Amino acid sequence: MSVEAIQPAPQELSEQYEDLAQQSEAYVVGMWAFLVTEIMFFGALFLAYIVYRTAYPEVFRDAHHHLDVVLGTINTTVLLTSSLFMALAVHAAQLGRKKAQNRWLFLVMLCALTFLVIKGIEYHNKYVEHLIPGSSFQYHSVAEGEGGQAPRMSAETGFAVPQSIPRDKAQMFFVLYFCMTGLHGIHVVIGLIVMAVLAWLTSRNSPLVRDYMPVEMAGLYWHFVDIVWIFLFPLFYLIPK
Amino acid sequence: MHSKEGAHHITPPAVYLKTYAALLVLMLLTVGVAQVHLGPLNNAVAMGIAVTKAVLVVLYFMQVRYSTRLVWVWSAIGFLWLLLLFGTMQDYLTRPWVPIHGW
């Protein structure tokens, strides 16, 4: 592995740069500057989440039981796996192995599609359960009825926790859930399009992708999308008892 | 400032595989810990694991560890700014300390 990995694919130097190192750095810093705006973009939503979860901790704890932890865990695995494939696609691109690069990109796209399908199933379940925010929103506490589950006990008092979860506050949980996972989903779709275009250009031997940096930049974007999900997953699916 | 020999760093695939394995272990850990009652520690552990995973992704998958100082600065600045934004929580958290009518 290590011997063959030393030889990177040749790059062309654009005239405005001193050398290749400077050119590559410009690529990476430019991409990171974009990612910083993305971090702030998602950051505002994360702050909104923190504000409401601090205000209504018991509502969030109750409402999160409507999310499927198993599907969430599968989706996290799918996305982490796609990030590995993306890293390997970038690796192949850096060595100038265009065919291998496209094969990895195809696997990443497959993972992204799987992620979106699972997310779609989850959204559909929420739709069936009337948990989409809006006039048809209906909330029923999970701990209360369903299948003769015993009401949860309070850790402090040992008595059953009163399960009167206000509809509007529960709705807020789902507003945040759909806004944040929806925005993340849009990013997955954009990533999918970017990778499809890159793979198509590469297969056509386009001069636009003669350099491997475009693939590497797509990789940075995709790993960022992965990071967002790394935080969304515990915040929505794993609220502790 | 530029990386050694002016050449772009190429991370060996083994590093990616190890990172991936670590990420999967951390994910299973965070799912497991959520089933155990630890009180307020639960949130700290979940967020600690999430931050660790994010750092692993940034350092190895995004290759920041092998990048120039300038890239280090840019990759950190967004998250630092985020902390500043989250600092506004001190307002929400401390407001009930001094009850003001109408707030």
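The values are calculated or read from the model by the stated rules, or taken from the named source; none is laboratory data. Model, not experiment: these values are computed from the prediction. Cβ: placed from backbone, ideal geometry, glycine included. Neighbour counts: every protein chain shown. We work out accessible area using only protein heavy atoms, side chains counted, and drop any ligands, DNA or RNA first. Shrake-Rupley method; radii C 1.70, N 1.55, O 1.52, S 1.80 Å.
Please state the shape class of chain B: rounded when a/c is under 1.5, otherwise prolate if a/b exceeds b/c and oblate if not, all from the C-alpha gyration tensor.
It is oblate, given that a/c is not under 1.5 and a/b is not larger than b/c.
Can you give me the accessible area per residue for segment A:1-140, using a 1.4 Å probe, in Å²?
With the other protein chains kept in place, segment A:1-140 gives 48 Å² per residue.
Helix by helix, which DSSP H runs in chain B go 24 Å or more along their axis at the Cα atoms and have an average Kyte-Doolittle hydropathy of 0.5 or more?
Going by DSSP H runs, the hits are B:13-34, B:69-86.
Within segment A:202-232, find all residues whose amide N lies under 18 Å from a label point positioned 7 Å from the Cα of A:T77 along Cα-to-beta-carbon.
Inside the label zone: A:230.
Would you compute, from DSSP H runs of 4+ residues alone, the mean residue ellipticity of chain A at 222 nm, taking -39500 (n - 2.57) per run and dividing by the full residue count, rounded to the nearest 500?
-24000 deg cm²/dmol
If a paramagnetic tag sat 7 Å from the Cα of A:E12 along the Cα-Cβ line, which residues of segment A:66-101 would have the backbone N under 17 Å from that point?
Within reach of a label on A:E12: A:96.
Calculate, in nm to one decimal, what A:K241 and A:H65 gain on full extension: separation in residues at 0.36 nm each, minus their alpha carbon distance.
Extending this stretch completely gives an extra 62.4 nm.
Using a 1.4 Å probe over the heavy atoms of the protein chains, calculate the carbon and sulfur portion of the accessible area of chain A as a whole percent.
With neighbouring chains kept in place, the figure for chain A is 65 percent.
Would you mind checking segment A:88-103 for residues with the amide N under 18 Å from a putative spin-label position 7 Å along Cα→C-beta of A:S203?
A:89-90, A:93, A:97-103
Let me check I've understood the local charge: for A:A89, count other residues with C-beta under 12 angstrom from its C-beta, Lys and Arg +1, Asp and Glu -1. What total comes out?
Spelling it out: positives minus negatives among the neighbours equals +3.
A:L208: accessible area at probe 1.4 Å, nearest 10 Å²?
120 Å²
What's the buried accessible area, both sides, between A and B using a 1.4 Å probe, rounded to 100 Å²?
Its buried surface, counting both partners, is about 4500 Å².
With a point put 7 Å past each Cα toward its Cβ, work out how far B:V36 is from A:H140 in nm, to one decimal.
3.5 nm
In straight Cα distance, which lysines are under 20 Å from A:K126, not counting same-chain residues fewer than 8 positions off?
A:K169
How big is the charge dipole of the protein assembly as shown about its Cα centre, in debye rounded to the nearest 20, if each Lys and Arg gets +1 on its Cβ and each Asp and Glu gets -1 on its Cβ?
It comes to approximately 380 debye.
Can you show me the helix-derived [θ] at 222 nm for chain B, built from DSSP H runs with n ≥ 4 at -39,500 (n - 2.57) apiece and divided by the number of residues, rounded to the nearest 500.
Helix-only estimate at 222 nm: -20000 deg cm²/dmol.
Considering Cα pairs under 8 angstrom that are at least six residues apart, work out the relative contact order of chain B and quote it in whole percent.
30 percent
Can you compute the FRET efficiency between B:D91 and A:D19 using 1/(1 + (r/R0)^6), with r the Cβ-Cβ distance and R0 = 51 Å? Round to the nearest 0.05.
It comes out at approximately 0.55.
Note the full-extension length gain between A:A55 and A:R167 as 0.36 nm times their separation in residues minus their Cα-Cα distance, in nm to one decimal.
Extra length from A:A55 to A:R167 when fully extended: 38.8 nm.
Sequence gap at least 6, Cα distance under 8 Å: using those rules, report the relative contact order of chain A to the nearest whole percent.
31 percent
Are there any helices in chain A, counted as whole DSSP H runs, that stretch 18 Å or more along their axis by Cα and score at least 1.0 on average by Kyte-Doolittle, and if so which?
A:20-55, A:69-94, A:167-203, A:213-237
Would you mind getting me the FRET efficiency between A:A26 and B:A22? Use the beta-carbon distance for r and R0 = 51 Å, nearest 0.05.
E(calc), rounded to 0.05, equals 0.95.
Other chains near A:33-46: what is the mean number of their Cβ atoms within 10 Å of each residue's Cβ?
3
Distance between the C-alpha centers of segment B:62-82 and segment A:6-44? Whole Å please.
Going from one Cα centre to the other spans 12 Å.
What net charge is computed for the residues neighbouring A:E12, neighbours being all others with C-beta under 9 Å from the C-beta of A:E12, Lys and Arg scored +1, Asp and Glu -1?
0
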